[in-house]
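The structure under discussion appears below in the form of structure tokens.
Bear in mind that the values in this text are calculations on the coordinates, not laboratory data. In this text, all values refer to a predicted model and were calculated from it rather than measured experimentally. Cβ placement follows ideal geometry from the backbone for every residue including glycine, while neighbour counts extend to all protein chains displayed.
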Amino acid sequence: MELVVEGRAFVKGRLSNWSIGIEDGRIVALGKNLKGDRKIDCRHMLILPAAIDPHVHFRDPGLTAKEDFSTGTLAAAFGGVGCVLDMPNTLPPAVKLIDLKEKKEAISGKAWIDHGLFAGCMPREKLEPMAPFAAGFKMFMGSSTGNLLVTEDADMKRIGREVKATGKVLSVHAEDESLIGNELERDLHDHMRNRPAEAEVSAINKLPPLGCRVNVCHISSAEGLRAAEGLKLHKEVAAHHMLLDRESKSGAFAKVNPPLRTEQDRLALLQAFITGRIEMLGSDHAPHTAEEKEQEFAAAPSGMPGVETQVPVMLSLVKKGTLPLDVLVRAMAERPAALFGLNKGRIEVGRDADLMIVDTRSMGGIKVNNLHSKCGWTLYEGFDAIFPHAVMLRGSVVVEEGSVVGERAGRDVFAGP
Ligand code: DOR
Ligand code: ZN
Ligand code: ZN
């Protein structure tokens, strides 16, 4: 055996002592006292599957003043993430095969962790040619950062049919454009008024007839959650909708689509997540420069960083006894792996050895200076968090004790034929 990692590991739904045998980047044995050429002893720590973040905006190519694939994936690694799925609203948008391929060229060799790219849906672009190269498809039903938008029922129907034929997942930004207002916005309350929960509910209700597998991204309201729960849809939630609300004092820095809503909405989402009723955690990491966010509220772009802080804050909730560990592991790793068909997300023979080693004694406050996103700001300053002691990608340690130790060896998991 090349490598054996030993400690309390999350295997088959619970923590117990295991020796994990690794060869060629894969888990090849699970047992007790396995012998290996090298051994990593994590006896006083937890070994969890590395997280899979099914929703990030790394801004490469075209918007790399906000983030690029190198800084984005490094931030992800420090936050316990071994694989990200990146959204198509880059420049040019990844909505045609040629753009998707050029995006792959642009980011080639930059990634610290594994990744897949979403292909974007537009009213008149064919989807099938992109399928072999895409992790899934993304449809914006309401306008947000970039110009991706689908508003006509006939276009949605066609998209649903095409996505179904590819067998991929359609991840949806579910806000009904026709219900989004245009009043001048001065603060977070105004932003929520322009983008009410009804817009979310209306969009969600249009999804089941599409007929393909659909993932509702970043559910943001109690009503939206209720609507999605009654339907055959996959559900994703972002940490910011569970931890922050429109009473935030951060002004335009906390402007995001869908918006931060009431404390009641926030608590409903948090409670649903804790009780395992929302299947996936997706950061919707959407960095913008501080300069852009310092503009007047109405002019500032929407979105906030989160890929590095999301899992560490959730681990602090586990430590406090608020969030069951098995619920977190399912939402951050097992379910995204299952939905998008990744050979990751579980400590199981045959899977990639993407692991996060966690010292639960190391809780501390988040400090922006210790984070790695290019945008250089966070809404989680001072929040309790447990950053992983180390993160391993396919058997190689990438980051350890706050330092980069590994190679830049991230792979495109959907490289195509
Ligand atoms: O707030 C948001 N920011 N919502 C989105 O849908 C896109 C994202 C971005 O890319 O900035
Ligand atoms: Zn979105
Ligand atoms: Zn997004």
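A few points about this structure:
- Counting Cα-Cα pairs of the range 99-149 in 5 Å increments starting at 0 gives whole-percent bin shares of 4, 17, 26, 24, 18, 9, 2.
- With 5 Å bins from 0: P(r) over the range 7-123, alpha-carbon pairs, percent: 2, 10, 18, 17, 13, 11, 9, 9, 7, 3, 0, 0
- Rg/Rg_globular for the range 86-185, with Rg_globular taken as 2.2 N^0.38 Å and Rg from C-alpha atoms: 1.12
- Structural size metrics of the range 192-296, computed from C-alpha coordinates, are Rg and Dmax of 14.0, 42 Å.
- Distant alpha-carbon pairs in the chain (separation over 39 angstrom), percent: 13
- Cβ-based charge dipole, the range 281-371, positive-most Cα from LEU355, GLY306, HIS288: LEU355
- Values of log10 I(q)/I(0), in the order q = 0.11, 0.20 Å⁻¹, for the range 291-417 under a Debye, Cα-only, solvent-free model: -0.49, -1.31
- Beta bridges per DSSP, both residues in the range 20-134: antiparallel share near 35 percent.
- Rg in Å to one decimal, and Dmax rounded to a whole Å, for the range 58-133 via C-alpha atoms: 12.3, 39
- Listed residue (ALA222, PRO196, ILE180) projecting farthest to the positive dipole end of the range 148-227, Cβ model: ALA222
- Charge tally in the Cβ shell below 11 Å around GLU263, where Lys, Arg are +1 and Asp, Glu are -1, GLU263 excluded: 0
- Residues of type aspartates and glutamates that LYS126 reaches as a straight line, Cα spacing below 18 Å, ignoring anything fewer than 8 places off in the same chain: ASP99, GLU102, GLU152, ASP153, ASP155, GLU162
- Per residue, the chain reaches -6500 deg cm²/dmol at 222 nm when only DSSP H runs of four or more residues are counted, each adding -39500 (n - 2.57).
- Annotation: the antiparallel percentage among DSSP beta bridges lying fully within the chain is about 50.
- Put in line by how crowded their Cβ is, counting other Cβ atoms within 10 Å and starting with the fewest, VAL56, VAL349 read VAL349, VAL56.
- Proximal lysines relative to LYS249, as straight alpha-carbon distance under 19 Å, when same-chain residues fewer than 8 apart are discounted: LYS293, LYS367
- Along the range 230-242 the Karplus relation, 6.51 cos²θ - 1.76 cosθ + 1.60 evaluated at θ = phi - 60°, assigns HN-Hα couplings of x, 10, 8, 9, 7, 10, 10, 10, 9, 4, 5, 6, 9 Hz to successive residues, with x for each Gly and Pro.
- Value in Å of the Kirkwood radius, where the range 115-254 supplies the Cα pairs that are averaged: 15.7
- For HIS288, HIS189, order by how many other beta-carbon atoms lie within 10 Å, fewest first: HIS189, HIS288
- The residues TRP112, TRP377, when put in order of fewest to most other Cβ atoms within 10 Å, stand as TRP377, TRP112.
- Distance from the range 186-262 to the range 352-367 (C-alpha centre basis), Å: 29
- Listed residues LYS39, LYS168, LYS344, most fluctuating in the chain (Gaussian network, C-alpha, under 10 Å): LYS39
- Long pairs among LYS101/LYS235; LYS32/LYS235; LYS35/LYS101, criterion Cα-Cα beyond 32 Å: LYS32/LYS235; LYS35/LYS101
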